[in-house]
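Following: one structure in structure tokens, then a few remarks.
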Amino acid sequence: MTTEPYRFDELMIDAMARELSGEVLVSSVTAFGALAGLVAKAFYAPDLALLATPESGMDVDFLPSLSLGQFFILAQRGIALGMEEVFDAIFLDKFRIWINPAQIDQRGSVNISTIGPWANPKVALVGSRGIPEDTSHLSKLCYYLLDHNPRTVVAAVDFRSGAGNTAEREQRLGRIGAPSVLVTNLGVFDFQGAHGQMQIRQLHPGVDLTAVESATGFHLTAASPVATTPEPSSEVVAFIRQHDPLGLRHMEMQKGSGAAKHQDQAWMDERSLLEAPSAGEGAL
Amino acid sequence: MNKLVLLDDMAGQIPDGATVAIGGSSISRKPMAMVRALARSGVKDLRLIVDVGGPDVDLLIGVGAVREVLYAFVGFEFLGLAPHFRAARQNQSVAFQEWTEYTIMAGLDATIKRIPFIPTHAGLATDVLSVNPAFRVIADPFGGDDVVAIPPLSPDFALIHANYADRAGNGVILGDSHVDVLCAKAAKTTFLSCEQVLSSKDLQNLGAGIQILRIHTAGVIEAPWGAHPTIMAPGYRLDLGAMKDYLHQASDPDLWLNYTQEVIGQDHETYVKHQGGALALKQRLGVSST
């Protein structure tokens, strides 16, 4: 296997994969989340029960696609699940998901609902979806951001779609559903600071403390010592590239016309991916 | 038993002010043919209940048919935010209640079970509880921690699009089932559209695949391509071009007015023709291995 240099998306996905463990359902909503699950199962946590879609298709051989994963489930006669099954797994703490919020704050509260006040939004986003269920039931909450900046990593979120380490959480829920980890394009963060504050656990190779501080909307403390995020092995890098033939991880990182062109190309290429007999065999 | 009804006759039965639950999830298996028929009917002041909404909610807001939306999510996934939903949230032209995925399910379930509420921990310590007046935090009568009481959600109508149905109103959903079965059971009147009507004998052969029972169904509509432009596994994938066209037309009032007349305003057969016809759609969107 040739050793090609890895890119930061591959480093992030590998760091995300290392956070998953045990025999739990892992949901696939975004390309980064789906690839983190696939890498984790292949290299670090073989007992994971990956879902091919946000809600179904346990143990199906799948790849990230635009049309979600339902075609893989049907073609392979995979284990279908329903929403009741998924929420029972959440209530039982047998579920993990990588959540990509619009904002996360120093206490680990997250927002996907609104920029500005909820009743009078500056930008209305999508609504809290199932995040409130996750932050009231799971023992591990995983967040990632592709663009760590002072507007995404903020002192206080505009709306708490997910509960961070606040006094209200402590009173209502104790430690259940508390934020565990944030992986960004700059580093890996936990919430082990004073009063459950976000702190720097790892910096990615080549990223210094000053860069993280200036990209963060509040004063960050660092765990001591701050580690460097391990580089992904060449096997992991090759695996990620093989398992994302549509390049949806790159599409997720793009904005504007670049993203639109990528969508068109991915959509054209998707058909042969969905029609391949087995998703893992490198259809394209 | 024959519950077959024409698409536009179905829409004509839904009066102004009705509460309508819509199945599917974001860009997957939305009952778009029924949604477009509802938009064409000129109905006003609808109250929509949707777990994960997308072009369904957005289109009905866009034609001015909606008074209030109860939702956990409304968006177009990788294609971004829902334009009319976003505008209506920001200019407050429509009322909104933000729920969550499970609490929508629990509210429907409370109606099905005819109980006053369902308790859960979902949403505790989040701002959803602060902005949504429907919920109550109550003491556990057995002495444990406080719980959130989720009140019943009682749709007058549910709109569900399935792969197959028979004339009696049994339905088969082959892809992800989302919260459609809960919607079908909770609504007073459930309309089931499908890609294809099968004989009851052929449908019965699908056995455990039957999820929608005829005891919950009031009307059946045969509407091939009825989820277009959303995903309908295994028959067809997302029509990216049609979705982008929608987003483009929705971005400008004049374009949108034209779109409501030329695309939404046409009957379903004409709509399918405008999308290139069944053959071209099959070539563009069909997935052969499934």
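The values are calculated or read from the model by the stated rules, or taken from the named source; none is laboratory data. Bear in mind that the values here come from a model prediction, so they are computed numbers and not experimental data. Here the Cβ is made from the backbone with ideal geometry for all residues, glycine too, and neighbour counts use every protein chain on show. The protein model used for the area step is the full one, side chains on, heavy atoms only, and it has no ligands, DNA or RNA in it. Shrake-Rupley method; radii C 1.70, N 1.55, O 1.52, S 1.80 Å.
General remarks:
- Among the residues examined, B:Leu38 qualifies as buried (at least 19 other Cβ atoms within 10 Å of the Cβ), modelled with pLDDT of 95 or more and more than 14 Å from chain A (Cβ to nearest Cβ).
- Restricting segment B:14-25 to residues that are in contact with a Pro (Cβ under 7 Å, 6 or more places away or on another chain), surrounded by 24 or more Cβ atoms within 10 Å (Cβ to Cβ) and outside any loop (DSSP other than H, G, I, E, B), the residue that is farthest from the other protein chains (Cβ to nearest Cβ) is B:Val20.
- In the set (1) more than 8 Å from every other protein chain (Cβ to nearest Cβ); (2) of a type in the set (Asp, Glu); (3) within 24 Å of B:Met105 (Cβ to Cβ), the condition left unmet by A:Glu133 is number (1).
Residues checked against (1) modelled with pLDDT of 95 or more; (2) surrounded by fewer than 19 Cβ atoms within 10 Å (Cβ to Cβ):
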site: A:Met198; (1), (2): yes, no
site: A:Thr216; (1), (2): yes, no
site: A:Ala227; (1), (2): yes, yes
site: A:Val237; (1), (2): yes, no
site: A:His243; (1), (2): yes, no
site: A:Arg249; (1), (2): yes, no
site: A:Met268; (1), (2): no, yes
site: A:Ser272; (1), (2): no, yes
site: A:Ser278; (1), (2): no, yes
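- Some residue of segment A:17-38 being of a type in the set (Gly, Ala, Ser), open to solvent by 30 Å² or more (accessible area, probe 1.4 Å) and either within 14 Å of chain B (Cβ to nearest Cβ) or in a helix (DSSP H, G or I) (or both): no
- Residue in segment B:157-172 that is touching a Lys or Arg at 6+ places or on another chain (Cβ under 7 Å), in a loop (DSSP other than H, G, I, E, B) and either modelled with pLDDT under 95 or not assigned by TED's automatic domain parsing to the domain that holds B:Leu213 (or both) present: no
- Filtered by the rule that a residue be among the polar types (S, T, N, Q), open to solvent by 50 Å² or more (accessible area, probe 1.4 Å) and touching a Lys or Arg at 6+ places or on another chain (Cβ under 9 Å), segment B:200-258 gives a lone residue, B:Ser200.
- Boolean, A:Gly164 is at negative phi and either in contact with a Ser or Thr (Cβ under 6 Å, 6 or more places away or on another chain) or touching a residue at least 24 places away in the same chain (Cβ under 8 Å) (or both): yes
- Residue satisfying all of: in segment B:72-128; of a type in the set (Asp, Glu) and out of contact with any helix residue (DSSP H, G or I) (no Cβ under 8 Å at 6 or more places or on another chain); farthest from the other protein chains (Cβ to nearest Cβ) among these: B:Glu77
- Those residues of segment A:40-55 which are part of a helix (DSSP H, G or I), out of contact with any strand residue (DSSP E or B) (no Cβ under 9 Å at 6 or more places or on another chain) and not small (Gly, Ala, Ser), in sequence order: A:Phe43, A:Tyr44
- Residues that are open to solvent by less than 50 Å² (accessible area, probe 1.4 Å), within 10 Å of chain B (Cβ to nearest Cβ) and either in a loop (DSSP other than H, G, I, E, B) or under 16 Å from A:Ser139 (Cα atoms) (or both) within segment A:56-85 comprise A:Ser56, A:Gly57, A:Ser65, A:Leu66, A:Ser67, A:Leu68, A:Gly69, A:Leu81, A:Gly82, listed in sequence order.
Yes/no matrix, rows are residues, columns are (1) touching a helix residue (DSSP H, G or I) at 6+ places or on another chain (Cβ under 8 Å); (2) without any contact (Cβ under 8 Å) to a residue 12 or more places away in the chain:
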| position | (1), (2) |
| --- | --- |
| A:Val39 | yes, no |
| A:Pro46 | no, yes |
| A:Ala49 | no, no |
| A:Gly57 | yes, no |
| A:Leu63 | yes, no |
| A:Phe71 | yes, no |
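- Among the residues listed as B:Asp56, B:Asp45, the single one being open to solvent by 10 Å² or more (accessible area, probe 1.4 Å) and more than 12 Å from chain A (Cβ to nearest Cβ): B:Asp45
- Filter pass, A:Leu11 being under 18 Å from the mean Cα position of the chain (by Cα) and more than 14 Å from chain B (Cβ to nearest Cβ): yes
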